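Report on the following structure.
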Amino acid sequence: MLRAHFLKRMCTAVATRGAHPYRGVSYDKGATKWRARVAYDRKIYRLGSFGCCIEAACAYDEFLRKCDASKYSVLRRLNFPTLEEEDMVLNFSYEDRRRENIARYAGNYMMQATAQQIIEAHVSTALECEWMCEGTLADGIVRPSLCSDDAWIGIQIKSTAEPWNGSYRFAGAKKYAGLLMLCVGLDQELLWLIPGCDVNVECLSISVGGKWDAYRCPWHDLSSELQCAWGNPDVYKRYPAELWKTPRSARHQDEQRARKLGENVLRAAGLTITTPSVAYGPVDIIINRRIRVQTKSRSKENSSVFAYQIPLARKAGRGVTRPYSADEFDVLVVYLLRDGSLGGMFVIPVIELALRGYVASSMCDRKPCTSLCVYPPWSSPTLGKAVVAKAWQAKYSNGFLSNIFCAGQRTAAELAAIV
């Protein structure tokens with residue numbers, strides 16, 4: 001009763017200024033009423049108007065409970081959870097949250113890959129198209145095949161599986177001035193070509209027949225439209241390919257440099273390297289078409305003993321991160337930059353990480369760690385755990401790469417032994 005009385009007083013206080021403290025509740029100044037609506041399963045449900053914001057918040061909660069009161073994603077949104085529901089939220093393990101988020105969000109990377117494949121299939125040989133790495137200025141770059149100048153325009157791909165409340169929604173659309181945005185609705189394979197400078201909203205909502213639908217482009221016209229865009233340097237930036245490929249942040253630049261140096265080592269050992277079709281997933285490269293590799297790179301030591309801290313967690317939906325699972329990759333390869341060059345490498349099989357509790361698996365009962373400190377040969381740890389860590393990591397380290405080719409051969413032997 002005390003809690004309800006306090007909430008009612010707070011409701012009365014905020015009503016005078018049209019604010020609201022609850023999820024799913026908004027104040028209608030014209031009607032002097034409180035409205036409740038719920039966004040659930042990609043649809044918006046309007047629940048009506050109420051004289052008090054508490055009533056609107058209670059209606060919001062009641063609707064969510066009817067949807068599915070056993071889901072973490074539902075319970076954590078309640079305005080007035082019961083003590084039992086609060087306990088349920090606290091007792092949800094990260095694995096439970098992970099399963100929910102994978103079911104809800106895991107298709108995002110696949111949608112991006114699917115959109116790229118559709119675009120590739122419709123780009124004619126009259127154009128050259130290259131895809132960029134994470135952290136660069138664009139998703140891809142394009143130029144005419146007969147162009148002798150190293151001048152490319154950038155394209156940014158946005159994709160969504162299906163319309164939500166009658167509109168295709170593309171998030172994060174406001175920051176692409178100078179680029180050409182290719183927005184793809186995958187359910188009907190609809191395409192919109194939109195100059196980034198024309199978009200001034202964070203979330204772009206496109207409905208068939210609406211304002212933005214004027215930018216719709218038939219797939220057979222894609223190549224000609226891209227050529228026209230390339231011929232309009234006043235709207236679209238033209239840069240050399242190397243500049244497009246250079247990451248924007250210092251961290252991404254270090255990662256790119258380390259990745260290139262490390263892949264040179266692997267290729268010098270006679271290994272073939274391919275990139276998976278789905279970017280930003282748990283597999284960064286595939287060696288010899290069968291070894292799935294997660295790569296990490298670091299350029300700065302985090303202590304006086306020259307340890308490098310490697311994050312071993314990935315996104316599992318909005319606001320949730322999780323450790324990697326043992327079945328997601330075969331080998332962890334760590335590149336260490338030292339004074340701008342490749343100072344060392346670690347090649348650690350996933351089974352070792354699983355046994356030591358760094359990835360989720362049935363081999364270890366405790367919750368996995370989300371970071372791994374690696375100790376290269378030049379480090380000098382003194383604490384007990386650090387000394388033990390350096391000892392088991394030693395057989396997976398290539399040490400200082402004074403001879404890159406020989407180090408690469410050792411790497412090849414280690415990888416061959418794993419499979």
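The values are calculated or read from the model by the stated rules, or taken from the named source; none is laboratory data. Small disclaimer: the values here were computed from a predicted structure and weren't measured. For neighbour counting, all protein chains shown are included, and Cβ atoms are generated from backbone atoms with ideal geometry for every residue, glycine included. To get the accessible areas, we keep the full protein, side chains included, count just its heavy atoms, and leave off ligands, DNA and RNA. Shrake-Rupley method; radii C 1.70, N 1.55, O 1.52, S 1.80 Å.
Quick one: count up the residues across segment 176-194 that are at pLDDT 95 or above and farther than 22 Å from residue 125 by Cα.
Of the residues in segment 176-194, 1 are at pLDDT 95 or above and farther than 22 Å from residue 125 by Cα.
Residue by residue through segment 224-234, note down the ones that are exposed (fewer than 15 other Cβ atoms within 10 Å of the Cβ) and either acidic (Asp, Glu) or in contact with an Asp or Glu (Cβ under 8 Å, 6 or more places away or on another chain) (or both).
Within segment 224-234, just 234 meets the criteria.
When you scan segment 17-117 for helices (runs of 4 or more DSSP H) that lie fully inside it, which ones turn up with 1 or more residues that are closer than 24 Å to residue 185 by Cα and at pLDDT below 85?
So the answer is 94-105.
Starting from segment 191-203, take each residue that is closer than 22 Å to residue 223 by Cα and list its partners that are acidic (Asp, Glu), counting only C-beta distances under 7 angstrom and pairs at least six apart or across chains.
Close Cβ pairs (under 7 Å, with a partner that is acidic (Asp, Glu)) amount to 193/225.
Could you grab me the full set of residues in segment 158-184 that are closer than 24 Å to residue 128 by Cα and either buried (at least 21 other Cβ atoms within 10 Å of the Cβ) or of a type in the set (Lys, Arg) (or both)?
Within segment 158-184, 158, 159, 176, 179, 180, 181, 182, 183, 184 qualify.
Looking at segment 348-355, is at least one residue at negative phi, surrounded by 14 or more Cβ atoms within 10 Å (Cβ to Cβ) and either hydroxyl-bearing (Ser, Thr, Tyr) or in a loop (DSSP other than H, G, I, E, B) (or both)?
no
If only one of 213, 187, 221 is open to solvent by 10 Å² or more (accessible area, probe 1.4 Å) and farther than 23 Å from residue 162 by Cβ, which one is it?
221
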